[in-house]
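Peer 1: Would you mind keeping the following structure in view while I ask a few things?
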Amino acid sequence: MKNIAVIGAGTMGNGIAHTFAQFNYNVHLIDVSQAALDKGIATISKNLDRMVAKEKISEADKTKTLENINTFTSIKDGAKNVDLVVEAATENVSLKSKIFKELDEVCNENTILATNTSSISITQIAAVTNRADKVIGMHFMNPVPIMKLVEIIRGYNTSDEVMDTIVHLSKEINKTPVEVNDYPGFVANRILMPMINESIETLYNGVAGVKEIDTVMMLGMAHPMGPLQLADFIGLDVCLSILNVMHDGFKNPKYAPCPLLVNMVMAGKLGVKSGEGFYDYSENRKAETVAKMFS
């Protein structure tokens with residue numbers, strides 16, 4: 001398995017492409033927008049520069065990594081003749097279903113189709129294909145080149161062979177794969193999102209301010225980042241989407257998103273990506289924070 005297609009050049013997609021390319025896989029990075037692809041490659045280059053500056057990789061390693069990535073603006077051109085596709089599009093079940101339906105038609109019969117979804121049912125996504133046994137979840141953590149965990153989610157029909165292949169592949173790119181079953185939110189977000197939501201509720205109810213809530217969790221619970229700042233980095237729209245998936249899936253009110261989160265998303269205050277969330281992010285501060293994550 002040497003040829004990998006990654007769909008989506010955003011934060012998660014370019015991080016996944018970066019990681020595979022750094023381990024000398026041939027990567028096809030696919031997005032409908034050439035501008036998004038250019039931005040994704042620029043982000044990868046900047047992140048590689050930071051790694052060079054920290055002497056984690058050499059300049060030659062950076063050059064080779066970038067050479068391993070080719071960009072495409074269509075699934076038809078980018079996903080044919082690859083061994084694995086990792087979809088990292090927006091957390092929207094309709095969009096993902098549309099992508100997987102097209103992948104099923106374009107890819108050869110042996111290609112494994114993986115999704116980086118953080119909450120949506122693998123079984124539901126697999127149902128739109130004719131290869132449910134070859135559909136699996138690979139939930140990477142952000143920032144992908146740094147974070148070790150990959151949640152490997154088995155759909156109802158995912159074969160043992162595909163599971164074993166993806167577990168082995170994850171280890172090949174220096175990640176720690178953890179196998180979980182297909183329930184809303186899986187493990188990471190089933191535990192993380194209620195904590196973030198409760199932190200937002202605590203702010204909404206006037207118990208404490210943003211910095212105070214984050215400081216309590218960092219100093220009292222040894223979290224490297226407070227939950228409200230973490231929500232900003234994940235994207236408040238993504239947090240809302242995941243909570244809605246879990247609320248719909250479990251029909252349990254404990255997963256209902258806080259009204260403050262809903263209002264912030266409707267107002268376009270999505271966190272780092274929009275420049276403002278629970279914290280204010282100028283371009284300089286945004287760059288500084290990203291640099292720290294790669295230090």
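Peer 1: Quick one: angle between helix 283-293 and the longest Cα principal axis of the chain, in degrees between 0 and 90, rounded to 10, please.
Peer 2: 70
Peer 1: Quick one: which of 2/64; 175/251; 134/171; 80/101; 54/273; 2/62 span more than 22 angstrom between C-alpha atoms?
Peer 2: Violating the 22 Å limit, Cα to Cα: 175/251; 54/273.
Peer 1: Obtain the nm distance between the two label points defined at residue 130 and residue 92 by a simple spin-label model: each point lies 7 Å from its Cα along the Cα-to-C-beta direction.
Peer 2: That separation, rounded to one decimal, is 2.8 nm.
Peer 1: Using Cα pairs closer than 8 Å and at least 6 residues apart in sequence, work out the relative contact order for segment 87-161, in percent.
Peer 2: Relative contact order of segment 87-161: 28 percent.
Peer 1: Also, quick follow-up: With a 1.4 Å probe and all protein chains left in place, how much accessible area per residue does the chain have, in Å²?
Peer 2: Solvent-accessible surface per residue comes out at 47 Å².
Peer 1: For segment 189-290, what D do you get in µm² per second when you plug the Kirkwood radius from alpha-carbon pairs into Stokes-Einstein at 20 °C and 1.002 mPa s?
Peer 2: 156
Peer 1: Go ahead and collect, in residue order, the members of segment 81-101 whose backbone nitrogen is under 17 Å from a label point 7 Å along the Cα-Cβ direction of residue 32.
Peer 2: 87-101
Peer 1: Stretch residue 204-residue 70 to full length: gain in nm at 0.36 nm per residue minus the Cα-Cα span?
Peer 2: Taking 0.36 nm per residue and subtracting the Cα distance, the gain is 43.7 nm.
Peer 1: So the label point goes 7 Å from the Cα of residue 248 along Cα→C-beta, right? Which residues of segment 148-189 then have their backbone N under 17 Å from it?
Peer 2: 183-186
Peer 1: Take the alpha carbon atoms of segment 90-152, find their center, do the same for segment 203-271, and report the distance between the two centers in whole angstrom.
Peer 2: The two parts, judged by their Cα centres, are 25 Å apart.
Peer 1: Could you look at the chain and say what percent of its accessible area is carbon and sulfur, using a 1.4 Å probe and all protein chains?
Peer 2: In the chain, the share of accessible area belonging to carbon and sulfur is 52 percent.
Peer 1: Hey, how much of the P(r) for the chain falls beyond 25 Å, as a percent of Cα pairs?
Peer 2: 48
Peer 1: Please compute the modelled spin-label separation between residue 59 and residue 280, points set 7 Å along Cα→Cβ, answer in nm with one decimal.
Peer 2: 4.0
Peer 1: Round to the nearest 10 and give me the degree value, 0 to 90, for the angle of helix 34-53's Cα axis relative to the longest principal axis of the chain.
Peer 2: 80
Peer 1: Continuing with the same structure: Could you name the lysines in cross-link range of residue 269, using Cα to Cα under 20 Å and dropping any fewer than eight places away on the same chain?
Peer 2: 211, 286
The values are calculated or read from the model by the stated rules, or taken from the named source; none is laboratory data. Small disclaimer: the values here were computed from a predicted structure and weren't measured. No Cβ is skipped: glycine too gets one built from the backbone with ideal geometry, and neighbour counts run over all protein chains shown. Just so you know, the surface numbers come from the protein's heavy atoms only, side chains and all, with ligands and any DNA or RNA stripped out. Shrake-Rupley method; radii C 1.70, N 1.55, O 1.52, S 1.80 Å.
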